[in-house]
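Please read the structure below before turning to the comments.
The values are calculated or read from the model by the stated rules, or taken from the named source; none is laboratory data. Only a predicted model underlies this, so the values are computations on that prediction, with no experimental measurement involved. Note: ideal-geometry Cβ built from the backbone for every residue, glycine included; neighbour counts use all protein chains shown. Protein only, heavy atoms only, side chains kept; ligands, DNA and RNA dropped before computing areas. Shrake-Rupley method; radii C 1.70, N 1.55, O 1.52, S 1.80 Å.
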Amino acid sequence: MAFKHLFKATAKWSSKQNPELTSRFYSKSHTISLEGKPILEVSAAKAFKGDPSLYNPEDLLLSSLVSCHMMSYLYVCSQNGIEVLAYSDNAEATLEVNPDGSGRFTEVRLNPKVTIANSDKAEVAVALHKKANQLCFIANSCNFPVVHHASCEVI
């Protein structure tokens, strides 16, 4: 039986935050509220005339994939008796923008670097990234490939 969970977010924007801007150049900055959590200050990416000091939707999508994959990976490692000591990822996402202003992500590349304690399980540890990807809620919701270039170090 499938379980359903409802997530809610509230976006707020006002032209009063920058009244000197015209409708042709609306401010891209806004807030996102999630119950019980600090408010996120968000803007468009710098390439789209947003505030580069704020998070943007593209940052948040990539961050969601990185975080979800890591949590799925730690879960499958625990199921397979692998002791993970450290995990890092320098991920990249490619966004293509069309002449009409529409666009889409075409690929995300995760580069997880994992440190484990089990010297006999390094090969399994690398292979488990595939299983983690299959379990990742966010990756399962994407219409673009999420590829992995994983490495594993044993201490």
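Side notes on the structure shown:
- Within region 126-142, not a single residue is modelled with pLDDT of 95 or more, more than 15 Å from H69 (Cα to Cα) and small (G, A, S).
- Taking every residue in region 32-55 that is farther than 19 Å from K8 by Cβ and pairing it with any residue that is surrounded by fewer than 16 Cβ atoms within 10 Å (Cβ to Cβ) and hydrophobic (A, V, I, L, M, F, W, C), at least 6 positions away or on another chain, yields no pair with a Cβ-Cβ distance below 6 Å.
- Scope region 81-94; condition part of a loop (DSSP other than H, G, I, E, B) and open to solvent by less than 50 Å² (accessible area, probe 1.4 Å); matching residues: G81, I82, A91
- Filter result (buried (at least 17 other Cβ atoms within 10 Å of the Cβ) and within 15 Å of P57 (Cβ to Cβ)) within region 96-118: F105, V108
- Residue check for K28: open to solvent by 40 Å² or more (accessible area, probe 1.4 Å), more than 30 Å from A127 (Cα to Cα), of a type outside the set (A, V, I, L, M) and more than 18 Å from the chain's Cα centre (by Cα): yes
Yes/no matrix, rows are residues, columns are (1) closer than 27 Å to F7 by Cα; (2) of a type in the set (S, T, Y); (3) not in a helix (DSSP H, G or I):
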| position | (1), (2), (3) |
| --- | --- |
| A44 | yes, no, yes |
| S53 | yes, yes, yes |
| L61 | yes, no, no |
| E96 | no, no, yes |
| V108 | yes, no, yes |
| D120 | no, no, no |
| A125 | no, no, no |
| A132 | yes, no, no |
| F137 | yes, no, yes |
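- Among the conditions (1) assigned to a loop (DSSP other than H, G, I, E, B); (2) closer than 30 Å to L6 by Cα; (3) open to solvent by 60 Å² or more (accessible area, probe 1.4 Å), the only one that S78 does not satisfy is (1).
- Residues satisfying the criterion are present in region 61-74 (criterion: over 24 Å from A9 (Cβ atoms) and either exposed (fewer than 11 other Cβ atoms within 10 Å of the Cβ) or not aromatic (F, W, Y) (or both)).
- Among the candidates K121, K131, the residue that is open to solvent by 30 Å² or more (accessible area, probe 1.4 Å), touching a helix residue (DSSP H, G or I) at 6+ places or on another chain (Cβ under 6 Å) and of a type in the set (K, R) is uniquely K131.
- With respect to the conditions (1) closer than 27 Å to F144 by Cβ; (2) assigned to a helix (DSSP H, G or I); (3) modelled with pLDDT under 95, R24 falls short on a single one, namely (1).
- Here M1 meets each of (1) in contact with a Pro (Cβ under 8 Å, 6 or more places away or on another chain); (2) open to solvent by 100 Å² or more (accessible area, probe 1.4 Å) with one exception, condition (1).
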